[in-house]
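Notes follow the structure.
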Amino acid sequence: PPGIPSVMRYMVSLNPFSINGFGRVRTVPTNVPGGLGYTYPNPIQLKDKLWLFWRGGNWNPTFSWTEDGLHWVPARELVFFGHGQRPYAKYVGDGNRQIHGVFTNGHPTDWKNSLFYMRYEAGNFFEASGRRIGSIASVPFHTTKFDLVYRFSPSGGRAWGHDIALTPEGRPRIVYTRRI
């Protein structure tokens with residue numbers, strides 16, 4: 001709300017893979033412009049970086065990363081749709097080099113949603129086929145730049161992404177519903 005500063009807080013476990021103690025509270029000191037703060041945080045650990053995805057100050061999917069757990073690169077919007085809508089996102093990482101994401105156009109009560117997919121690896125974004133969409137320098141992307149997973153239709157309904165996971169072979173599995 002106006003007048004209340006929005007801060008993303010985090011703590012790091014003192015013992016790997018344990019909740020038996022945490023270090024001090026720290027903050028992520030970066031966000032994109034807008035008065036709406038932070039929500040829906042999604043940390044993804046890759047081999048070289050801890051990525052953080054969230055809905056940013058303008059309510060669009062936003063991201064940053066840290067290599068040392070303390071210093072965060074400036075936040076960037078990842079995807080937008082427009083039309084007064086805010087895409088909803090789900091993410092999964094492989095723990096090594098890749099991050100996969102699915103995105104709606106907006107909220108299914110407010111928009112005739114389709115569902116879209118992208119993969120990040122080594123500074124670039126890709127479709128499932130491997131076709132390069134663009135680089136980190138190219139963000140934000142319109143939702144339609146990503147792979148179409150499901151297209152809205154009056155008979156099929158609106159998409160709502162619930163989750164994304166990886167098979168043992170590293171292929172994405174997407175769970176979504178359709179609302180008519």
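The values are calculated or read from the model by the stated rules, or taken from the named source; none is laboratory data. These numbers come from a predicted model, not from an experiment. Counting neighbours? That spans all protein chains shown, and the Cβs are built from the backbone with ideal geometry, glycine included. Ligands, DNA and RNA are stripped out before the accessible areas are found, and what is left, the full protein with its side chains, is counted by its heavy atoms. Shrake-Rupley method; radii C 1.70, N 1.55, O 1.52, S 1.80 Å.
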Positions within the range 146-164 being open to solvent by 50 Å² or more (accessible area, probe 1.4 Å), within 11 Å of Phe103 (Cα to Cα) and either at pLDDT below 95 or of a type outside the set (A, V, I, L, M, F, W, C) (or both), in sequence order: His162, Asp163
Test: residue in the range 68-77 that is closer than 27 Å to Arg151 by Cβ and either in contact with a helix residue (DSSP H, G or I) (Cβ under 9 Å, 6 or more places away or on another chain) or open to solvent by less than 40 Å² (accessible area, probe 1.4 Å) (or both): yes
Count of residues meeting criterion [open to solvent by 100 Å² or more (accessible area, probe 1.4 Å) and aliphatic (A, V, I, L, M)] in the range 165-180: 1
Residues located in the range 72-87, provided they are on the phi > 0 side of the Ramachandran plot and in contact (Cβ under 8 Å) with a residue 40 or more places away in the chain: Gly82
Residue match in the range 19-26 (condition: modelled with pLDDT of 90 or more and closer than 24 Å to Gln98 by Cβ): no
Subset of the range 1-50 that is out of contact with any Gly (no Cβ under 9 Å at 6 or more places or on another chain) and of a type in the set (Lys, Arg) - its residue that is farthest from Trp72 (Cα to Cα): Arg24
Odd one out for Lys112 among (1) at pLDDT below 95; (2) farther than 19 Å from Asn31 by Cα: (1)
Residue in the range 118-140 that is farther than 23 Å from Thr177 by Cβ, at pLDDT 95 or above and touching a Pro at 6+ places or on another chain (Cβ under 9 Å) present: yes
Residues of the range 88-133 classified as surrounded by 14 or more Cβ atoms within 10 Å (Cβ to Cβ), of a type outside the set (A, V, I, L, M, F, W, C), assigned to a strand (DSSP E or B) and free of Cβ contacts under 8 Å to residues at least 24 places away in the same chain, total: 2
Filtered residues of the range 1-55 (kept if open to solvent by 80 Å² or more (accessible area, probe 1.4 Å) and either outside any loop (DSSP other than H, G, I, E, B) or in contact with an Asp or Glu (Cβ under 9 Å, 6 or more places away or on another chain) (or both)): Arg9, Phe22, Tyr40, Pro43, Gln45, Asp48
